1. Give me a count of the residues in region 62-71 that are out of contact with any Asp or Glu (no Cβ under 8 Å at 6 or more places or on another chain) and surrounded by fewer than 16 Cβ atoms within 10 Å (Cβ to Cβ).
2. Which ones in region 122-136 are buried (at least 20 other Cβ atoms within 10 Å of the Cβ) and either at pLDDT below 95 or outside any strand (DSSP E or B) (or both)?
3. Looking only at strands (runs of 3 or more DSSP E) that fall completely inside region 141-201, which ones have 2 or more residues that are modelled with pLDDT of 95 or more?
4. Could you tell me whether VAL50 is at pLDDT 80 or above, surrounded by 13 or more Cβ atoms within 10 Å (Cβ to Cβ), aliphatic (A, V, I, L, M) and in contact with a His (Cβ under 8 Å, 6 or more places away or on another chain)?
5. Go through region 44-74 and give me each residue that's without any contact (Cβ under 8 Å) to a residue 40 or more places away in the chain and charged (D, E, K, R).
6. So PRO74 fits all but one of (1) surrounded by fewer than 16 Cβ atoms within 10 Å (Cβ to Cβ); (2) touching a strand residue (DSSP E or B) at 6+ places or on another chain (Cβ under 8 Å); what number is the exception?
7. Taking the options GLU67, GLU88, name whichever one is part of a strand (DSSP E or B), of a type in the set (Asp, Glu) and within 17 Å of VAL132 (Cα to Cα).
8. Are there any pairs, at least 6 apart or on different chains, whose C-beta atoms fall under 9 Å, with the first in region 177-199 and in contact (Cβ under 8 Å) with a residue 60 or more places away in the chain and within 13 Å of THR44 (Cβ to Cβ) and the second surrounded by fewer than 15 Cβ atoms within 10 Å (Cβ to Cβ) and among the charged types (D, E, K, R), and if so, which?
Amino acid sequence: MRRSLSSNVSRLLVAIACVAIPAQSAVGQAKVAGTSPVFGVGYTDIGPTVGLGGLGGASADFGGRFEHAIKTLPDMGNGILGVQVAAEYYSWSANGAGAGFSYSSSIKYIPIGVTANYHFKVDGQPKFDPFVGLGLGYNIVSCSYSSNFGSSFSGNCGYNSGVYFIGRAGARYFFSPKMAGYADIGAGGATLNVGLMFKLK
């Protein structure tokens, strides 16, 4: 979680390139007439996610995404602006021993973030919704510690709560008008998140 801002920005630029180039290619090659995208202004969904990578000592996180599509952006290729709220939970334990001393600690993270997402207009691909997003989040960190000398406390154990930068690129693929597979990559929380999204309206 202690990534530098420059590292975050670099990863975001790579992610944008990976999503934007195929999206623009799809626009140029689309030949399907009379189709309309499932994702549009007013669309709202929610769903669970599982995250991998960039999680300290944890192997995975569990969380969710909620997004509402606000408006079309005519000056930006008729893409759609959406606001997304994400929350995750992950934890891990750390133990050590030596010279008659041993300790154990348990660290828990709850990152909560908000991003503004730009959804690309992809003509002829109504099931595909690629996007990039930027935002800010806040990590709620808690830790418990104990040792064989009887000392114990609850605190941050060197892991501090605080604000973090979010940069993401991702996509939905709609299996039906009300259910979509979801994935995003980037900085902030897990490196890769996958899940299922369910349309509310």
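The values are calculated or read from the model by the stated rules, or taken from the named source; none is laboratory data. In this text the structure is predicted, and so the values were computed from the model without any measurement. Here the Cβ is made from the backbone with ideal geometry for all residues, glycine too, and neighbour counts use every protein chain on show.
1. Residues flagged as out of contact with any Asp or Glu (no Cβ under 8 Å at 6 or more places or on another chain) and surrounded by fewer than 16 Cβ atoms within 10 Å (Cβ to Cβ) within region 62-71 amount to 2.
2. Step one: filter region 122-136 for residues buried (at least 20 other Cβ atoms within 10 Å of the Cβ), giving 122, 129-133.
Within region 122-136, just VAL122 meets the criteria.
3. Details: elements: 152-155, 162-176, 179-187, 192-199.
The qualifying strands (runs of 3 or more DSSP E) are 162-176, 179-187, 192-199.
4. Details: at pLDDT 80 or above: yes; surrounded by 13 or more Cβ atoms within 10 Å (Cβ to Cβ): yes; aliphatic (A, V, I, L, M): yes; in contact with a His (Cβ under 8 Å, 6 or more places away or on another chain): no.
No.
5. Of everything in region 44-74, just one residue is without any contact (Cβ under 8 Å) to a residue 40 or more places away in the chain and charged (D, E, K, R), namely LYS71.
6. Every condition holds for PRO74 apart from (2).
7. Working: GLU88 fails: within 17 Å of VAL132 (Cα to Cα).
After applying the criteria, what remains is GLU67.
8. Hits for this filter: PHE198/LYS178; LYS199/LYS178.
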